[in-house]
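A.B. asks: Take this structure first; my questions come after.
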Amino acid sequence: QLAHYLEYTYPDHPPVEVLAFHYGHSENTAKQRKYFRKAGDAALKVSAFTTAVDYLKRLLEITPQEEAEYPSLALDLAETYHRMSDFANVHVAVERAYTTAHNDLHRITARTILAETLSTTGQHAEVHNILTEIMPLARATGDPQTLGRVLSAWGVSEWNLGNLDASRLAQEEALALARAMGDTTRELHVLFRLGTVNAALDNPDTATQLIQESYTKAKAVGNREREMAALTTLGAIADGWENTLEAKAYYHQALALARELGVQHYIALNQVNLATSYLTLGELPAARAELRQGLALALRNGSFIWVVAAVQIFAEIIYAEGDAERAFALLGLVSHHPAWSSMNQRHLKRTLEAWGIDQAGFETKSAKGIELNWDATIQELLEE
C-alpha cells in the first residue's frame, strides 16, 4: 500500500529506491522489474556500482531468458562489473548475454566488453584478434552506438600495441559518433581515451584540453567514475611536465574517488602512480609502501597491466637504492611479460635516457631477467 501511495503521489519523481525496496518484498513482478531497472539506472548515474549490480542481478533473476530485454540486461550487468573491476563476473555476464543474444548488436557488444576487460588484464594479442573479427560486423550494422564502442576499444588496442596514430584516428571517429548521438557517457569515455593518446603523442596541450573537458563534463553530470579517470590522467600529464607535486595531488584525489567507488584497478593504478611521485621526490620508503599495496591489489584483481607497471617502478626504486644489477634484471623479466605494452616501452625509454643507457646496453644488462622466476620475484617484492 505504501509503494502504491508513493508511486501515484509522486508520478514525475518517484522515490525509485524506496519503491524498489517495497515492491521487492511483494509478489508484483511487473512492478519489481520496473523499479529494479529504474533504481539500477539511478545507481549507475552516480557510479554506485555495487548497488547497481544488486538491482541488475535481481532483475535478471525475474526476467525470462527468452524475452527481448534479457540480453540487454546481461550486457548492462557485464558493463557494471567491468566498471568496478570485477573481471571474473564480467566473463560470466558476457557469456550469459552472448548465449541469449537476439541479434548481432548484442553479440558484438558482448565481445566488445570482453575485449575491454581483457585489455585491462593485459591480454593484448587476444584483444586485437577479437576486435579485428568484430570491426567489420560493427560497421555493417549501421548502428552508431555499437560502432562507436568498437572503435574506441580498437583505439585502446592500437595504443597498447604502439600504433598511436591509428589509435588517435579511431578515437576521433568514435568521438564524432558519440557527439552525433548526444551520448554523454560514451563521449566522456572517448574524450579520456583521446586525451591519453595525445599525451603519448607528445601533444600535452591538446591532451590537457581533452581531459579537462572530460573532467568538467563528468562533474556536471555527476559521473564520478569518469571524474576519477580524468583526475588520474591529469596527474599523468602533470608528471610529463615534471610537475610532481601537482601530479601527486591529482593522484590523491583520484585514489580517494576510486576507493569511494570501489573501482579496484583504479585504486591499484593510482597507488602505482603515487609511488612514481614519491620516487621522483626521493621518498623511497613511501614509494615502496604505495607500490607494495598497488602490486598486491593488482595481483588479486587480475589487472596485469598495473602489475607490470608496478614491477617496472620497483626496478626504478631498486636502481635509486644503488642495486643496478637487480634493477636491470627486473626490467628484463617484466619487459617480456605478455601484458607489457607500448605505454611501458615509452616509460622504459625515458628511464633509460635518464640513466644514460642505450637500447643495446639495456639488452646486455637486462639479460639475466630471463633467469628469474616470475612468481618468486613478485613474492619477494611484496615481502621487502
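A.B. asks: Out of segment 187-237, which GluC sites (Glu not before Pro) are coil in DSSP terms and have no more than 12 other C-beta atoms within 10 Å?
C.D. replies: Loop-located and lightly packed - none at all.
A.B. asks: Shifting gears a bit: Principal axis extents for segment 306-371, Cα atoms only, whole Å, descending order, please.
C.D. replies: 26, 23, 21
A.B. asks: For MET181 and THR99, what is the calculated FRET efficiency with R₀ set at 22 Å and r taken between the beta-carbons, to the nearest 0.05?
C.D. replies: The computed FRET efficiency comes out at 0.20.
A.B. asks: Now for a different question. Suppose the Debye formula is applied to equal point scatterers at every Cα of segment 11-157; what is log10 I(q)/I(0) at q = 0.13, 0.19 Å⁻¹?
C.D. replies: Computed log10 I(q)/I(0) values: -0.61, -1.11.
A.B. asks: If you average the sequence gap of Cα pairs under 8 Å that are 6 or more apart and divide by the length of segment 156-223, what percent do you get for the contact order?
C.D. replies: 26
A.B. asks: Okay, moving on. Using the Kirkwood radius built from alpha carbon pairs, what does the Stokes-Einstein equation give as D for segment 20-61 at 10 °C and 1.306 mPa s, in µm² per second?
C.D. replies: The estimated diffusion coefficient comes to 159 µm²/s.
A.B. asks: Jot down the radius of gyration and Dmax of segment 56-142, Cα atoms only, both in angstrom.
C.D. replies: In order Rg, Dmax, the Cα atoms of segment 56-142 give 12.8, 38 Å.
A.B. asks: Which of the pairs LYS57/LYS217; LYS45/LYS248; LYS217/LYS248; LYS34/LYS219; LYS219/LYS349; LYS219/LYS248 have their Cα atoms more than 25 Å apart in this structure?
C.D. replies: Beyond 25 Å between Cα atoms: LYS57/LYS217; LYS45/LYS248; LYS34/LYS219; LYS219/LYS349.
A.B. asks: Something else: Take the chain, connect every pair of alpha-carbon atoms lying under 10 Å apart with a spring to form a Gaussian network, then pick out the residue of ALA254, ALA289, ALA30 with the largest mean-square fluctuation.
C.D. replies: ALA30
A.B. asks: Please order LEU147, LEU77 by the number of other Cβ within 10 Å, starting at the fewest.
C.D. replies: LEU147, LEU77
A.B. asks: Also, quick follow-up: Measuring from the lowest to the highest alpha carbon on each principal axis, how far does the chain reach, largest first, in angstroms?
C.D. replies: 73, 43, 40
A.B. asks: Right, next: Report the full-extension gain for the segment GLU61 to THR364: residue separation times 0.36 nm, less the Cα-Cα distance, to one decimal in nm.
C.D. replies: 103.3 nm
A.B. asks: Taking the chain as a Gaussian network, where each spring joins two C-alpha atoms under 10 Å apart, which residue of GLY361, GLY122, GLY235 fluctuates the most?
C.D. replies: The residue that fluctuates most here is GLY361.
Bear in mind that the values in this text are calculations on the coordinates, not laboratory data. If you're wondering where the values come from, they're calculated on a predicted model, not measured in any experiment. Positions of Cβ are generated from backbone atoms using ideal geometry, with glycine treated the same way; all protein chains shown enter the neighbour counts.
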